[in-house]
Amino acid sequence: MKLLIQQQLLQLLQLLLLLQYSCAQDFHGDVQIDACSDSDGEGMVGLDGDVLYYADFDKKEMVYTLPQFGDSMECPGCYEGAVGQQENCKSNMQIAREAMKDIPLEIDPPGAPLLYPRDHLKPSHHNTLVCQASGFYPAPVRFYWTKDGQNVSLSASVSQPYPQKDGTFTQFSRLDITPEEGQVYSCALDHPGLKGETRSRIWTVEFQKPSLAPSVFCAVGLTLGLVGVAVGTFFLVKGRECC
Ligand SMILES: *[C@@H]1O[C@H](CO)[C@@H](O)[C@H](O)[C@H]1NC(C)=O
């Protein structure tokens, strides 16, 4: 009898382990991209929607994007590997272009970008404005930034294009700002799928005025409470008087 129970327990445990295993499979997804075009290249490894590291072909090094917890992550030889993949990619692209020259390239333009500050907004406090482009293919998308009508694109940084489940890409651009009331920022996208149309978003700095609502609620609550105490005291005294 005891043995039987043990066996059943073991089976249950195995089932649980199996379930846990399949959950773990569903919960994490890593991705490696080696992509190239005539003007751009990408070599990137990501996990669960975040870039872990990517090859910066201008600075000729791997860039590790995770904050440092404990041991720092390094991947010796990975930059050289990514450079090798770029060469493979370019020669494969040459072959594919000849083989598929009659098949039109699939192009999806990005939707209108999202534009939002990263941190809670406070006057004259350093902040970062984030512009998010998604739904486009192929990568990359170009970002144009203006501040009060001036082109400030050179001051912005651009993330690696990140692939989504539907095969399109998402990409972010960040602009460091010191917000002051009334400033107007804009982020516009450029992509071959847009054919001269612009997709842009404008963001005007407006600080929230302190709201009156909490003090009004407090005053009304306090008044009701005091009235209650007064009425209660009145009936208490009345009750004593009559008997
Ligand atoms: C803004 O400046 C960038 C960088 O100098 C330049 O590449 C881009 O063409 C400019 N955009 C516009 C719309 O003038």
Cβ under 11 Å from P138's Cβ, P138 left aside: what net charge do those residues give with Lys, Arg +1 and Asp, Glu -1? -4
Nearest-ten-degree value, helix 78-99 long axis tilted from longest Cα axis of the chain: 70 degrees
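Starting from 0.36 nm per residue, how many nanometres of slack lie between E98 and C78 once their C-alpha separation is accounted for?
Full extension of this stretch gives 4.2 nm more.
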Going highest first, how would you order 115-122, 175-182 by mean Cβ packing within 10 Å? 175-182, 115-122
Please tell me the relative contact order of the range 122-243 in percent, rounded to the nearest whole number, where contacts are Cα pairs under 8 Å and at least six residues apart. 26 percent
The extension gain from T223 to H28, computed as 0.36 nm times the residue separation minus the Cα-Cα distance, is 64.7 nm
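Taking Cα pairs under 8 Å and at least six residues apart, what relative contact order does the chain come out at, in percent?
13 percent
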Using a 10 angstrom cutoff on alpha carbons, build the Gaussian network for the chain and name the most mobile of A219, A139, A99. A219
Go through the range 52-113 and name the GluC sites (Glu not before Pro) that are in a DSSP coil and have 14 or fewer other Cβ atoms within 10 Å of their Cβ. E74, E106
Sum up the charges of everything whose Cβ sits under 14 Å from the Cβ of A188, counting Lys and Arg as +1 and Asp and Glu as -1, but leave A188 out. +2
When only alpha-carbon atoms count, how far does the range 114-204 stretch along each of its three principal axes, as whole angstroms with the largest first? 40, 26, 19
The summed charge of the L175 Cβ neighbourhood (under 11 Å; Lys/Arg +1, Asp/Glu -1) stands at +2
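Starting from the eigenvalues of the Cα gyration tensor, five times each then square-rooted, give me the equivalent ellipsoid semi-axes of the chain, largest first, whole Å.
53, 36, 18
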Check: in the chain the Lys pairs 8 or more apart or on separate chains whose Cα atoms fall under 29 Å apart number 13
For the range 145-236, state which trypsin sites (Lys or Arg not before Pro) are in a DSSP loop and have at most 13 other beta carbons lying within 10 Å of their beta carbon. K165, K195
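Any read-out appearing in this document is the output of simple, stated calculations on the displayed coordinates, not a laboratory observation. A quick note: this is a predicted structure, and the numbers were derived from the prediction, not measured. Note that we place each Cβ from the backbone using ideal geometry, even for glycine, and neighbour counts take in every protein chain shown.
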